[in-house]
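A.B. asks: A single structure is presented below for examination.
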Amino acid sequence: MTLMIGLLGSPLVDAQDRLASHPSDRQGHKYLLLDSRVIERTSGAHLVLGQVEKDSRNPLFVEDKYWEVRFDNLYANVYYDEGAQIYRAWYSPFIMDEATSNTSSEERKNKPYKPGKREMGICYAESKDGINWQKPELGILDFAGSTAHNIVMRHVHGAGVWCDVHDPDPACRYKVFAKDGVAVSPDGLHWAPFHACPEIEAQGDTHNNAFWWDEKQRYVGITRLWRDGQRIVGRTESADFFTWTKAEEVMRGTPERQTYAMPVFRYANVWLGLVMMFDTRDDVVDCELAWSPDTVNWSRVLPGTSLIPRGEEGSFDSGCVYAAAYPIIRPGEILLYYGGSDGAHTGWRAGGLGLARLRPDGFAGMTTDDASLAGTILTKPVLCTGSNLYVSADAAEGSIRAEVVDGEGMSIGACRAITGDVTNAQVQWADNRDMSAYKGKCVQLRFELNSATLYAFSFAE
C-alpha cells in the first residue's frame, strides 16, 4: 500500500484558524477512514465494517434471579474502574412483568406476548476479568420484602449510567440519564432522588445515554422521539446536567427499519454511535454503526450491515442485539458488550449479556476491491500535527508503503513496506526522513492498498 502526502502551500494560510474545519482534534490527531471529511476520492477501494469476534463463553450472564423477570433489551452500561481494577455493569431488566410471570413456557407456545403491568429497574453487577460476573446482594432498597438483591434503583426506564470523571463534585461522580429525568451518585450504588426533566419533551422509551463534551463544556443527551409513527433519535444539551434543552431530531430510519436506540461515544476525532435498527417486518433488532463530527449531523456507516451481527438460529442473540453504552478501549482491543435475546422483539424471549471484540481503530476501514489489484485513496487536506506518520491497518496478506506528493526523498520507492496486522505502525522512508517539515501545515495523503485494509492514520512525535 502506498501513502502520498501533498503540501498545500508554504506557509499555509493560518493553519490554526483552519483547524476547526478539519477532522483533527486535541486527543491524538487520529483520522478514521470512515470519516467522509477525510476522503477526496478512491479507486479500487471501498469502505467495510470491522469484523467483531464474539466471545465463545457468551452469554456471560442471564436471567437467573427471581427479580430478573425479563431482560428484554437489557440496556447495559459497562465501565472499567481503573482504580478498583474491576468491570462494573448497570443493566435494566423488567423486575416486574405480569405477562412473563403468569405465563408458563408451555402456554407461551400458543399465546403471544402482551405486556401488562410491569416495572423496570437498574441492577448492578461486577467482574474482575470482564467475563465472570457477580450480582452482589447490596442491601440497598426493598424489593418483594427483601434487600438481598442487586437492584440499585426502581421505577426508572432506559437508563444510561456512566462515571463522569470531569465533574469535581464527588457526590456526582456517577450519573443516570433516563426516560423521565436524571440522578447522581457518589459510587454508582446509592443514588440521590430522581430529578425530572420534562423540558426535554421526549418519550425517551429507549436506551437513553449522555456524556460530557469537553470542548463545548456541555452535556449531550441522546434519547428517543416519536414522529410520523416512527422511532427517532433525539438530542438534548445541558450545562449543569439538571436543566436540558428541548430534544431535537438528529437521525431517523424508515417505517420498515427504525432507529431504536443509539449509545454515543467519542473515538479519535469523531463521535460514533452504535445504532440499533428495529426491523418492523421481521420483528428483529440489529446493531449498526453511525458517525458524526458534532453529535448533531449523523451518517450511518454502510446501512443494512451489522457491526455486531445477530447469532445463528437457536443462539442466545439470534433475535435481537442491543449494544451497551459504552465500549471499553483496552490495549490491543475494543470491548463491545451487548444485550442479546433469542426471540423476536415483541415476542417471548430470554436474554443475556454478550461480549464482542474489535481490533483497535477497527470500526470500519478502506479495503481493496480486488486482492490482486492495488487500490488508492486520496485524502482531503488534513492538518499535520506531528513529526511522524502512523497507520492502523490489516496488511497481513499484503503491504503498505507511502510517499509524500512533492516531498523530496519521500517517494514510494524510498518507503519501507509495512506488513502485518498493525496498530499505530510508523511509516518510514530512506535516510530517516519524517514529517517535521509539514508540522502545522495542511497536507494530503494518498494510500495505495495492496491486499490491505486501512482503518486510521495519525501524526505524532
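The values are calculated or read from the model by the stated rules, or taken from the named source; none is laboratory data. What you are looking at is a predicted structure, and each value in this text was computed from that prediction instead of being measured. Cβ sites come from the backbone with ideal geometry, for glycine too, and all protein chains shown count toward neighbours.
A.B. asks: Hey, any hits in segment 215-231 for a residue that's touching a Leu at 6+ places or on another chain (Cβ under 6 Å) and assigned by TED's automatic domain parsing to the domain that holds residue 177? Write out each step before concluding.
C.D. replies: Residues of segment 215-231 touching a Leu at 6+ places or on another chain (Cβ under 6 Å): none.
No, there is no match, as no residue in segment 215-231 is touching a Leu at 6+ places or on another chain (Cβ under 6 Å) and assigned by TED's automatic domain parsing to the domain that holds residue 177.
A.B. asks: Another question, if that's okay. Any residue in segment 119-136 that is free of Cβ contacts under 8 Å to residues at least 24 places away in the same chain, among the aliphatic types (A, V, I, L, M) and on the phi < 0 side of the Ramachandran plot?
C.D. replies: Scanning segment 119-136 turns up no residue that is free of Cβ contacts under 8 Å to residues at least 24 places away in the same chain, among the aliphatic types (A, V, I, L, M) and on the phi < 0 side of the Ramachandran plot.
A.B. asks: Which condition from (1) touching an Asp or Glu at 6+ places or on another chain (Cβ under 9 Å); (2) farther than 23 Å from residue 176 by Cβ; (3) at pLDDT 95 or above; (4) not aromatic (Phe, Trp, Tyr) is the one that residue 95 breaks?
C.D. replies: Answer for residue 95: the failing condition is (2).
A.B. asks: Being touching a Cys at 6+ places or on another chain (Cβ under 9 Å), assigned to a strand (DSSP E or B) and buried (at least 22 other Cβ atoms within 10 Å of the Cβ): is that true of residue 339 here? Step through it out loud before you land on a result.
C.D. replies: Numbers: touching a Cys at 6+ places or on another chain (Cβ under 9 Å): yes; assigned to a strand (DSSP E or B): yes; buried (at least 22 other Cβ atoms within 10 Å of the Cβ): yes.
For residue 339, the condition - touching a Cys at 6+ places or on another chain (Cβ under 9 Å), assigned to a strand (DSSP E or B) and buried (at least 22 other Cβ atoms within 10 Å of the Cβ) - is met.
A.B. asks: Could you go through segment 209-230 and let me know if any residue there is in contact with a His (Cβ under 8 Å, 6 or more places away or on another chain), surrounded by 20 or more Cβ atoms within 10 Å (Cβ to Cβ) and modelled with pLDDT of 95 or more.
C.D. replies: Let us first name the residues in segment 209-230 that are in contact with a His (Cβ under 8 Å, 6 or more places away or on another chain), namely 212, 214.
After this cut, where a residue has to be surrounded by 20 or more Cβ atoms within 10 Å (Cβ to Cβ) as well, the list is none.
So far as segment 209-230 goes, no, none of its residues is in contact with a His (Cβ under 8 Å, 6 or more places away or on another chain), surrounded by 20 or more Cβ atoms within 10 Å (Cβ to Cβ) and modelled with pLDDT of 95 or more.
A.B. asks: A further question on this structure: With the condition kept exactly as written, say whether any residue in segment 104-125 is closer than 30 Å to residue 362 by Cα and touching a strand residue (DSSP E or B) at 6+ places or on another chain (Cβ under 6 Å). So that I can check it myself, show each step before the final result.
C.D. replies: Let us first name the residues in segment 104-125 that are closer than 30 Å to residue 362 by Cα, namely 124-125.
Those left that are additionally touching a strand residue (DSSP E or B) at 6+ places or on another chain (Cβ under 6 Å): 124-125.
Looking for residues that are closer than 30 Å to residue 362 by Cα and touching a strand residue (DSSP E or B) at 6+ places or on another chain (Cβ under 6 Å), one finds at least one in segment 104-125, hence yes.
A.B. asks: Can you list the strands (runs of 3 or more DSSP E) found entirely within segment 342-461 that contain at least 2 residues being under 25 Å from the mean Cα position of the chain (by Cα)?
C.D. replies: On the way: elements: 351-358, 364-368, 375-379, 388-401, 403-405, 418-426, 442-450, 453-460.
Qualifying strands (runs of 3 or more DSSP E): 351-358, 364-368, 388-401, 418-426, 453-460.
A.B. asks: Quick one: is residue 188 more than 20 Å from residue 238 (Cα to Cα), in the same structural domain as residue 68 (by TED's automatic domain parsing) and buried (at least 18 other Cβ atoms within 10 Å of the Cβ)?
C.D. replies: Yes.
A.B. asks: Mind listing whichever residues of segment 77-88 are in contact with a strand residue (DSSP E or B) (Cβ under 9 Å, 6 or more places away or on another chain) and either crowded, with 24+ Cβ neighbours inside 10 Å or charged (D, E, K, R) (or both)?
C.D. replies: 77, 78, 81, 88
A.B. asks: Can I ask one more? Do you know which residues across segment 83-128 are of a type in the set (Phe, Trp, Tyr) and either in contact with a helix residue (DSSP H, G or I) (Cβ under 8 Å, 6 or more places away or on another chain) or part of a loop (DSSP other than H, G, I, E, B) (or both)? It would help to see each step written out before you state the result.
C.D. replies: Filtering segment 83-128 for residues of a type in the set (Phe, Trp, Tyr) gives 87, 90-91, 94, 113, 124.
Of everything in segment 83-128, those that are of a type in the set (Phe, Trp, Tyr) and either in contact with a helix residue (DSSP H, G or I) (Cβ under 8 Å, 6 or more places away or on another chain) or part of a loop (DSSP other than H, G, I, E, B) (or both) turn out to be 94, 113.
A.B. asks: Within the bounds of segment 270-292, is there any residue that is in the same structural domain as residue 76 (by TED's automatic domain parsing), aromatic (Phe, Trp, Tyr), over 12 Å from the mean Cα position of the chain (by Cα) and not in a strand (DSSP E or B)? Working first, answer last.
C.D. replies: Initial filter on segment 270-292 (in the same structural domain as residue 76 (by TED's automatic domain parsing)): 270-292.
Within this subset, residues satisfying the condition of being aromatic (Phe, Trp, Tyr) are 271, 278, 291.
From the residues that got through so far, the ones that are over 12 Å from the mean Cα position of the chain (by Cα) too are 278.
The next check asks that each one be not in a strand (DSSP E or B); those that pass are none.
The answer is no; no qualifying residue exists.
A.B. asks: Could you pull out every one of the strands (runs of 3 or more DSSP E) wholly within segment 197-263 that has 3 or more residues that are within 19 Å of residue 162 (Cβ to Cβ)?
C.D. replies: Values: elements: 209-213, 218-227, 230-238, 248-252, 257-261.
The qualifying strands (runs of 3 or more DSSP E) are 209-213, 218-227, 230-238.
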